[in-house]
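Have a look at the structure below, then the notes.
The values are calculated or read from the model by the stated rules, or taken from the named source; none is laboratory data. Just so it is clear, the model here is predicted, and its values are computed rather than measured. Every residue, glycine among them, receives a Cβ derived from its backbone with ideal geometry; neighbour counts consider all protein chains shown. SASA here: full protein model, heavy atoms, side chains in, ligands and nucleic acids out. Shrake-Rupley method; radii C 1.70, N 1.55, O 1.52, S 1.80 Å.
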Amino acid sequence: MLTRDFFNDVSEKNQVKKALYKLIHKKDSISKVELLHRFHVPNTTMTRMVAELVKRKLIRECGVAESNGGRPSVLYEVVPDAGYLVGVEIARTHVGIMLFDLSFKPVGADQFMITNKHTPEVTIKLIIEGIEHLLTQYRVDPLLGIGIGAVGPIDRKNGVIINPSAFPAKGWLNIPIVSMLKGHFDVPVVLNNGANTAALAEYHANQSLQGESLLYCISGYGIRCGFIKEGQLFYNTQGAASTFEHITIQADGRPCLCGNKGCLSSYVTFGALFDRMKEKGISPSLDQLLNSKDPAVKEIILESARYYGIGIANMINALHPDTVLLHGKLIYHDRKYYEEVVRVARNHTCMKEISIKKGSFGEKATCLGAAIFVFDQFFNE
Ligand SMILES: [Zn+2]
């Protein structure tokens, strides 16, 4: 039986084996004694199931556990190159494509910028070519699934990108990206909000987050967030914890593209900062924003940090996360901006114990989380 069949087989008999595989996958390595302890089946059944997974080259022996008195117990780990996953990030500025093995280690990557020429047809053709290229370059066998983390709003269930706001190219309306990629690669393809998949990447990688609630906030040309509560992604109807960028932070404030006034978006996005720069006669660009020494630019950035801090505090007070992770060019690039966001967020929430940090995966987070998301689907039947 092929590796692909193992992951796609949803029969009850196979579900038990998949659950065993998932348990081994969760750990770097795990002993047979611990497997028996965690998995309530007779010793003989466990021996048979483990032998089958070893025979299929899905897991392998990787040493012997220290025993306390009893017989030493064999350790097992998953075979990382038994199969591969692709994670795709579709952001407003770029598309990232990454190939991962089954231990979620990056194997290869590709990226292209989004311009006004990147209609859905052009973009999806480039994504397909990018994935094909990685599969050939790294002699991938087999590819198990493709996860996509996209800018919202999306229809997660039907795999459709609805109408990403402020997208540079025309034509992005109700794009059934999942069926388009499925038609080409014939593997499971899933779509989620990029902020959610980024949150998932951090959640999986960080043992200290297990069982906790995590809010992941992305700032840049748009503002987005993902929320994980006790291991589960939180969804509203359009696949995200956000219309985050349209929460009100200033009564009767600046007008927003959505038609309301005083939205977070009108104070914190790059577009909002560019507007402030124009008002002060400074020619706006991302380079200016990240590298200018002009005190007027610095003040614009710090002002937006204060508004962003208030927006995050509102989300904290509503959702009660244990940890908040921040992600975005200014967050990583401008220490004062980051510190001001954190200071103001802390000042405006009553949850004083909360941990607010930078994301640890940087640009890789969305792709990695998308790959983890498609992997998780094999075990969710
Ligand atoms: Zn708005």
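Distance between the C-alpha centres of the stretch 256-301 and the stretch 190-221: 27 Å, rounded to the whole angstrom. Think of the chain as having a plus end and a minus end, set by charges on the Cβ of Lys, Arg, Asp and Glu; of Gly145, Ser165, Gly211, Gly211 sits farthest toward the positive end of this dipole. Placing unit charges on each Cβ (+1 for Lys and Arg, -1 for Asp and Glu) gives the stretch 228-364 a dipole about its Cα centre, and among Tyr307, Ile228, Gly262 the Cα reaching farthest toward its positive end belongs to Tyr307. Backbone phi angles across the stretch 139-156, fed through the Karplus curve with coefficients 6.51, -1.76 and 1.60 (θ = phi - 60°), yield HN-Hα couplings of 6, 5, 8, x, 7, 9, x, 10, x, 10, x, 10, 5, x, x, 10, 9, 5 Hz in residue order; Gly and Pro are listed as x. Calculated [222 nm] ellipticity per residue, helices only, for the chain: -12500 deg cm²/dmol; basis is -39500 (n - 2.57) per DSSP H run with n ≥ 4, divided by all residues, nearest 500. Out of all DSSP beta bridges in the chain, what portion is antiparallel? Express it as a percent rounded to 5. About 60 percent, rounded to the nearest 5. Tell me the GluC sites (Glu not before Pro) within the stretch 311-372 that lie in a loop according to DSSP and have at most 14 other beta-carbon atoms within 10 Å. Here the GluC sites (Glu not before Pro) that fit, given the DSSP loop and packing criteria, are Glu353.
Set against the 2.2 N^0.38 Å expectation for a compact globular protein, the stretch 297-381 has a Cα radius of gyration ratio of 1.29. Under the convention that each Lys and Arg Cβ holds +1 and each Asp and Glu Cβ holds -1, the size of the dipole of the stretch 131-195 around its Cα centre is about 160 debye. Surface composition of the chain: carbon and sulfur make up 51 percent of the accessible area, probe 1.4 Å. Once the Cα-Cα distance is subtracted from the 0.36 nm per residue extended length, the Val74 to Cys350 segment shows a gain of 94.5 nm. For the stretch 92-109 versus the stretch 315-381, the spacing of their alpha-carbon centroids is 20 Å.
Remark: the chain carries 47 Å² of accessible area per residue (probe radius 1.4 Å; ligands, DNA and RNA excluded). Taking the DSSP beta bridges with both ends in the stretch 207-359, the antiparallel portion is around 55 percent. Between Asn192, Asn158, Asn116, the GNM of the chain built on Cα springs shorter than 10 angstrom shows Asn116 fluctuating the most. In terms of overall dimensions, the chain has a Cα radius of gyration and Dmax of 22.8, 77 angstrom. Pairwise Cα separations in the stretch 3-80 fall into 5 Å bins from 0 onward with the following percentages, short to long: 3, 15, 28, 27, 16, 6, 2, 1, 0.
For the stretch 245-296, a crude dipole built from +1 on the beta carbon of Lys and Arg and -1 on the beta carbon of Asp and Glu, taken about the Cα centre, is about 80 debye to the nearest 20. Only the Cβ atoms of Lys and Arg (+1) and of Asp and Glu (-1) were treated as charged; on that basis the dipole of the chain about its Cα centre amounts to roughly 220 debye.
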